[in-house]
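What follows draws every value from the coordinates through simple rules; no lab data is involved. The shown structure was predicted, so the numbers you read here are calculated from the model rather than taken from an experiment. Here the Cβ is made from the backbone with ideal geometry for all residues, glycine too, and neighbour counts use every protein chain on show.
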Amino acid sequence: MKDKQFLMIPGPTPVPQTALIELGKAPLGHRSSEFSTILKETYENLKWLFQTKNHVFIYTSSGTGAMEAALANILNPGDKVLSLIIGNFGERLAKISTTRGANVERMQVNFGQTIDPQILKERLAQDINKEIKVITLTHSETSTGCANPLKELMEIIRGHGAISVVDGVTSVGAMDVKPDEWGIDILISGSQKGFMIPPGLSFLMASERAMKAYEECKYPSFYFDFKAYKKAFESDTTPYTPAVSLISALNETLKIMKNEGLENIFARHKRLALGLRKAIKAMGLKLFVEDDTKASYSITSILPPDGITVADIRKVLKEDFDIVVADGQNDLKGKIFRMGTLGYVCERDVIGAIGALELTLKKLGANIELGNGVKAFLESLIA
């Protein structure tokens, strides 16, 4: 049906009507008093969502831009970086660190697994001379649907003293992240995820320790410069021309989120993700991340039944039901499909997606009992 397509991917995610209306308006002048008023409210609400007293910078870029901003402003050539890698985006942080001339060590696990806090503790205990300056890690790994035990890992990192750079692209606004309480130095995210607007903005929270590291950076970024954005933040403006329409839309979605409340937002994402996982198991399918305690509440990765390809599942879901799910990435391409429960998603959306998936698999010849997945999800809501 025309204009009925629904995105059940890790991003872009569905956009509320109030945000779409803002996007359809003529853009404001980025140096106007009207836009400064919107920025001031947006900045304050971002601090609320990030659960921080620190500044949260807005960049006109994808989440990868914020990754680059984080590392370009704190690293000097030869600095030692430890990258904790549980998927493609953890590896991306390592690659960006390399482009800054850093000496990168990778602590990597099989995709679908998380970093063991004890192993990290043992490795950092070996760093007697505190040579490791920066530790990069992912909270919710978008490529696999796995979630690191961030609070536990941060306790260990904080004890060591390294600067922490956390990819919270698919966790901020969906899963509980407390940067001030947990001691996170840099936390990043992107607009097309839990923020419920289209791609084009990224966000970066920088702690006082991160700003101190910036002061010691010999070759900080020009466009992503921390100092320029801090100065602009304090004056309710931006250092360069921003995506004004996206920021106006963001201002609207942040109001929606404040109205729902942080605890309710986190509970909703957890409820939908765990319910979807129960539905997938009830259908006889296998989850890529088998342990619920290691699962992201934003993305669920699923293995296709024997004899049925990921490409066919995605094709039928899109052509017959106007539902888009994501393929795997890189080595996981064609091996898993990913369903997002991120952002502007509710129970009705997931019920429809599960029913459509059941019919899709049946059409493709899978031996499943129709209704088992939907029933399991509904029962999870009243458990």
Q: Beta carbons within 10 angstrom, averaged per residue: use that to sort the peptides 114-127, 147-160, highest first.
A: 147-160, 114-127
Q: Name the shape class, rounded, prolate or oblate, that the alpha-carbon gyration tensor gives for the chain, where a ≥ b ≥ c are the square roots of its eigenvalues, rounded holds for a/c under 1.5, and otherwise prolate holds if a/b is larger than b/c and oblate otherwise.
A: oblate
**Q.** Long-range tail of P(r) for the stretch 126-191 (Cα pairs > 14 Å, %)
**A.** 55 percent
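What number, rounded to the nearest 500 deg cm²/dmol, is the helix-based mean residue ellipticity at 222 nm of the chain, given -39500 (n - 2.57) per DSSP H run of at least four residues and division by all its residues?
That comes out to -13500 deg cm²/dmol.
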Q: Using only Cα atoms, locate the centre of the stretch 8-26 and the centre of the stretch 170-244, then give the distance between them in Å, rounded to an integer.
A: 22 Å
Q) If you keep only loop residues by DSSP, which trypsin sites (Lys or Arg not before Pro) in the stretch 294-383 have at most 12 other Cβ atoms within 10 Å of their Cβ? A) Lys333
Q. Over the chain, what is the relative contact order in whole percent, taking alpha-carbon pairs under 8 Å and six or more residues apart?
A. 24 percent
Q: Please identify every one of the trypsin sites (Lys or Arg not before Pro) in the stretch 5-72 that sits in a loop by DSSP and has no more than 16 other beta carbons within 10 Å of its own beta carbon.
A: Lys25, Arg31, Lys53
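Treating only the Cβ atoms of Lys and Arg (+1) and Asp and Glu (-1) as charged, compute the dipole magnitude of the chain about its Cα centre; round to the nearest 20 debye. Mind showing how you got there, number by number?
Values: 46 positive and 45 negative charges, 54 e Å.
Around 260 debye, computed over the chain.
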Q.
What whole-number distance in Å separates the alpha-carbon centres of the stretch 262-289 and the stretch 292-330?
A. 14 Å
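Would you mind checking the pairs Lys178/Lys294; Lys47/Lys333; Lys95/Lys227 and listing those with alpha carbons more than 30 angstrom apart? Let's see the in-between values first.
Details: Lys178/Lys294 18 Å; Lys47/Lys333 36 Å; Lys95/Lys227 24 Å.
Too far apart for the 30 Å limit: Lys47/Lys333.
How many Å³ per residue does the convex hull of the Cα positions in the stretch 240-383 occupy?
Looking at the stretch 240-383, the number lands at 151 Å³ per residue.
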Q) Can you pull the three principal axis extents for the Cα set of the stretch 178-241, in Å, largest first? A) 35, 33, 22
